[in-house]
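Just so it is clear, none of the values below were taken in a lab; they were calculated from the coordinates. From a predicted model like this one, the values you see are computed outputs, not experimental measurements. When we count neighbours, we look across all protein chains shown, and the Cβ atoms used for this are built from the backbone with ideal geometry, even at glycine.
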Amino acid sequence: MAKQLHPTPMLDQLESGPWPSFVTGLKRLAKDKDYVVDLLGHLEHSYETRKGYWKGGTVGVFGYGGGVIPRFTEIKDEKTGQPVFKDAAEFHTLRIMPPPGMHYDTATLRKFCDIWEKYGSGLIALHGQSGDIMFQGCTTENVQPAWDEINEMGFDMGGAGPAVRTAMSCVGAARCEQSCYDEAKAHQKIINNFLDDIHRPALPYKFKFKFSGCGNDCMNAIQRADMAVIGTWRDNMKTDDELGKKWFAKHGMNELINDVVNMCPTRALQVKDSKDVRKDAHISAVAINDTQSLEIDNKDCVRCMHCINVMTGALGPGKDKGATILVGGHGHLKIGATLGTVVVPFMELKTEEDYDKLVELAQNIVDFFAENALEHERTGEMIERIGLVNFLEGIGLDPDANMVNCPRSNPYIRTDGWDEEVARINAKKKAAA
Amino acid sequence: MAQPQMRKPVEYFLDNKKFLHPKLAANYGNWKYHDRPRPGVLHHVSNTGDEVWTVRAGTQRQMDVHTIRLLCDIADQYAEGRVRFTIRSNIEYIVSDEKKVAPLIEALEKNGFPVGGTGNSVSMVAHTQGWLHCDIPGTDASGVVKSMMDALFEDFKKEEMPNRVRLSTSCCEINCGGQADIAVIIQHTKPPKINHDLVANVCERPAVVARCPVAAIRPALVNGKPSLEVDEKKCVCCGACYPPCPPMQINDPEHSKLAIWVGGKNSNARSKPSFHKLVAAGLPNNPPRWPEVNAIVKKILDTYKADARPWERMADWIERIGWPRFFEKTGLPFTKYMIDDWRGSRYNLNASNHVRF
């Protein structure tokens, strides 16, 4: 039995209503832990005064320079300077990297619970916006033993501060027919390559990887990742006549026209009599009934995923799969939010060597970032400052028209290297032919 | 001096193979299609003919160990012991037998975990840390999310929106919650209040000066002590100086307001990914249930639900009807604060005579 609860009239109001209540969960923990009794008091104080009261500091584990988020209370008695909520005076978080795709068996989750009940507050967030399992609420003293037991289970600590950060990957190949590469494999290979940069922060600022299996980008990679790996394919869309007819029988022509054909962003779709479907190599078609088909011009298609999302199974990604690599997504500070932009339009991801090349590219990009970014500057901000061309030259990638929405519209550029550049491109084309 | 023997960490990032449901492992990369038999349930079919059903349920994300054990008990008793979590903190149970779906749903709902969040529903809010754990929060996260999801409970459980709806909340302008169809974000309205007694000891002043996006901070001597001063006419109240320099207090119970942004989209489906746009600000930071914020979120969602066509995300819908009609239909005022003046702002102005009447 723990000590008596502080009155929490505001938090109590968050116990009503149908959605699962974190307050009810905290109160359950508070039955056994003075730590959580004081945490509830601390949080109620924030609700009353509308301010936060945790400050950072330095807490870590042996061998690592990051991964623990230290929190010390700032609610102090004015006379004595002592914490008002003394049992929750320290409330550190351990960031632990989840398995790719965030799959678990119950034995693992139960073991997490046992460890965190023993050493911590008993509060676990699955998962933080960083992608980590957040073991929330631990005293300085208990950080090391809790970490030792979690690490013994086979889990490693995530990133914090100016480091390579914990990555995230979608459910992908494990349970999704839209998956265009082995997201978990890419995730694991990249993270294992950067463990030192995760655990010993020494970069200008954070660097994040995210892995989404298709353009639906369930991991929000384009927005959140410094290097986003987003699945795509080069060949024709896969079609299945049986499932196409099944879809059409259920949904009909109005939905096919309004929800599929008209919503294609590049007008790559047309409904045709099956006998009139073009025979070119880049055309694919799915039958919708015995006489009509949906024709896809795969040269016009940008692999946005819309028609595939609507007619799942009838349409699907092709066989020649891989990923587009985008660089420079980040949140607002300092220059305003940026989305990642294309630096590799297509990278084949089939063989072990393909994945090694992905790791090599990631290493090049992180090395360039480490050398060239200013302190507290994200990759996207660095590229904004130096220009995409300088970045591409720095990491040894050739410019490609897929990297832009359109060529420049202003004349403020020196072009006295034009002839040499054209000669270089032509020589390269010739060598590749 | 003898040091205690410290354990060296084992540095290795594990793969997920041992955690996969056996049917997911067996059909890895070999799925054919999926459908949704009902809201909250996905049915995947593999090229080998194998089938799995996934039941998705909402959680509070910040979970006590008792809740996690309860979720595990349900997994062991009604499912097959394997679960996963989505990016929005929903739990997914994977089963290989359709007969298990209904009892599993019943067990989840009986224990207070709503089944839903799939397809064109309103899924769980992307959730940050807030007053519970963050060192710079202007507001709470868990409480905002709880009150929003209470209000949108039925929209989580049903698939009645034109397309999927993704929400986020952020407790400061750093926007950890991320881009979303509707995002609720703290918007400070006053420059930081500086405690000049502490700056010299706590803050690395050149780093703080460098952090300001509008170069409004400069070193200064205040009362004979080295400190920093803010050009309040330049200051955009973003709060970027506060994390590296806590004596520059930006959070204010009265003047840290909430703003609402709409039309953010990470997916490439149809239109390219887009940022959310400001549609309301000046809302009070009003715990424990933030009713003013919830009322506007609900109003926007109701308008979208009534007016958007099937498969139009929030951004697609507004693209079609135009911003003037968005403001007209939602009853929200369009103000001068919505006209962008940051870098690249000219691309957000209407350089055409495309005007809807």
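In this label model, residue B:220 and residue A:202 are separated by 4.0 nm, measuring between points 7 Å along each Cα→Cβ vector.
Out of the stretch A:363-416, which trypsin sites (Lys or Arg not before Pro) are coil in DSSP terms and have no more than 11 other C-beta atoms within 10 Å? Each step should come with its number before you reach the end.
On the way: sites: A:378, A:385, A:408, A:414; in loops: A:378, A:408, A:414.
For trypsin sites (Lys or Arg not before Pro) across the stretch A:363-416 that sit outside H, G, I, E and B with at most 11 neighbouring Cβ atoms in 10 Å, the list reads A:408, A:414.
Between the C-alpha center of the stretch B:241-267 and that of the stretch A:402-422 there is a gap of 39 Å. Near the amide H of residue B:228, within less than 5 Å, lie the amide hydrogens of B:220, all on another chain or at least 5 residues away, with H placed in the peptide plane. Relative contact order of the stretch B:193-248: 45 percent, from C-alpha pairs under 8 Å at least 6 residues apart in sequence. Here the dipole of the stretch A:238-316 is about 140 debye; that uses its Cα centre as origin and unit charges on the Cβ of Lys and Arg (positive) and Asp and Glu (negative).
Measuring r between the beta carbons of residue A:405 and residue A:320 and using R0 = 25 Å, the FRET efficiency lands at 0.50. Just so you know, the averaged projected area of the alpha carbon convex hull for chain B sits at 25.2 nm².
Think of the protein assembly as shown as a dipole: +1 on every Lys or Arg Cβ, -1 on every Asp or Glu Cβ, centred on the Cα centre; then among B:311, A:133, B:131, B:311 lies furthest on the positive end. Look at the alpha carbon pairs under 8 Å that are at least 6 residues apart: their mean separation over the length of chain A gives a relative contact order of 11 percent.
Taking B:14, B:283, B:71 in turn, the Gaussian network model of chain B (Cα-Cα springs below 10 Å) assigns the largest fluctuation to B:14. Amide H contacts of residue A:93: A:69, A:71, A:137, each under 5 Å away and 5 or more positions distant or on a separate chain (H built 1.01 Å from N in the peptide plane; Pro and chain starts excluded).
Counting, for every residue in A:41-47, the Cβ atoms of other protein chains within 10 Å of its Cβ and taking the mean gives 4. Counting only alpha carbon atoms, the long axis of helix B:291-307 and the longest principal axis of chain B meet at about 60°.
Within the stretch B:205-247, the trypsin sites (Lys or Arg not before Pro) that combine a DSSP coil assignment with at most 15 other C-beta atoms in a 10 angstrom radius are B:233, B:234.
Measuring from label point to label point, each 7 Å out along Cα→Cβ, what is the residue B:12 to residue A:76 span in nm? Once both label points are built, they end up 4.5 nm from each other. Computed about its Cα centre, the charge dipole of the stretch A:9-152 is approximately 240 debye, with only Lys, Arg, Asp and Glu carrying charge at their Cβ.
Restricting the GluC sites (Glu not before Pro) of the stretch B:170-262 to loop positions (DSSP other than H, G, I, E, B) with no more than 16 neighbouring Cβ atoms within 10 Å leaves B:204, B:232, B:254. For the options A:109, A:388, A:39, a Gaussian network treatment of chain A with springs between C-alpha atoms closer than 10 Å singles out A:109 as fluctuating the most.
Beyond a 31 Å Cα-Cα separation, which of these cross-linked pairs lie in this structure: A:334/B:158; A:31/A:76; A:31/B:299; B:265/B:329? The partial results should precede the final answer.
On the way: A:334/B:158 39 Å; A:31/A:76 24 Å; A:31/B:299 40 Å; B:265/B:329 21 Å.
Violating the 31 Å Cα-Cα cut-off are A:334/B:158; A:31/B:299.
Couplings for the stretch A:372-382, taken from phi via the Karplus curve 6.51 cos²θ - 1.76 cosθ + 1.60 with θ = phi - 60°, read 10, 6, 7, 4, 6, 10, 7, 4, x, 6, 4 Hz in order; Gly and Pro are left as x. Legend: residue pairs A:118/B:18; A:55/B:257; A:111/A:319, Cα-Cα distance threshold 32 Å; pairs beyond threshold, A:111/A:319. Peptide B:121-133 has a mean of 5 when you count, residue by residue, the C-beta atoms of other protein chains within 10 Å of its C-beta.
Only the Cβ atoms of Lys and Arg (+1) and of Asp and Glu (-1) were treated as charged; on that basis the dipole of chain A about its Cα centre amounts to roughly 600 debye. Please name whichever of B:169, B:31, B:196 sits farthest to the positive end of the charge dipole of chain B, dipole taken about the Cα centre and charges placed at Cβ: Lys and Arg +1, Asp and Glu -1. Most positive-ward Cα: B:31. Measuring from a point 7 Å past the Cα of residue B:323 along Cα-to-C-beta, which residues in the stretch B:165-187 have an amide N at less than 18 Å? Only B:180-183 pass the distance filter. Using modelled amide H (1.01 Å from N, peptide plane; none on Pro or chain starts), what sits under 5 Å from the amide H of residue A:160, excluding residues fewer than 5 places away? Hits under the 5 Å cutoff: A:67.
Convex hull volume of the Cα atoms in the protein assembly as shown, per residue, in Å³?
So the per-residue hull volume is 191 Å³.
How long are the semi-axes of the ellipsoid equivalent to chain A, from square roots of 5 times the Cα gyration tensor eigenvalues, in whole Å, largest first?
On the way: eigenvalues 448, 177, 77 Å².
Over the Cα atoms of chain A, the semi-axes work out to 47, 30, 20 Å.
Longest stretch of chain A clear of exposed loop sites (GluC sites (Glu not before Pro), DSSP loop, at most 13 other Cβ atoms within 10 Å, sites excluded): A:79-374. Note on residue A:415 and residue A:235: their simple-model spin labels are 4.0 nm apart, each label 7 Å out from Cα toward Cβ. Residues of the stretch A:82-118 falling in the label zone of residue B:197, defined by backbone nitrogen less than 20 Å from a point 7 Å along Cα to beta-carbon, are A:82-84.
3J(HN,Hα) along the stretch B:203-220, derived from phi through the Karplus expression 6.51 cos²θ - 1.76 cosθ + 1.60 where θ = phi - 60°, amounts to 10, 8, 4, x, 5, 5, 4, 5, 6, 6, x, 10, 6, 9, 10, 9, x, 7 Hz, with x in place of Gly and Pro.
For the stretch B:129-275, the average shadow cast by the Cα convex hull is 10.7 nm², which is a quarter of the hull's surface. Based on Cα contacts under 8 Å between residues 6+ apart, the stretch A:1-152 shows a relative contact order of 19 percent. Secondary structure note: in the stretch A:238-316, about 90% of the DSSP beta bridges are antiparallel.
Share of pairwise Cα-Cα distances greater than 21 Å in the stretch A:276-421 is 60 percent (whole percent).
A cysteine counts as unpartnered when no other cysteine's C-beta lies under 4.7 Å of its own; in chain B this applies to B:72, B:134, B:171, B:172, B:176, B:212, B:235, B:237, B:238, B:241.
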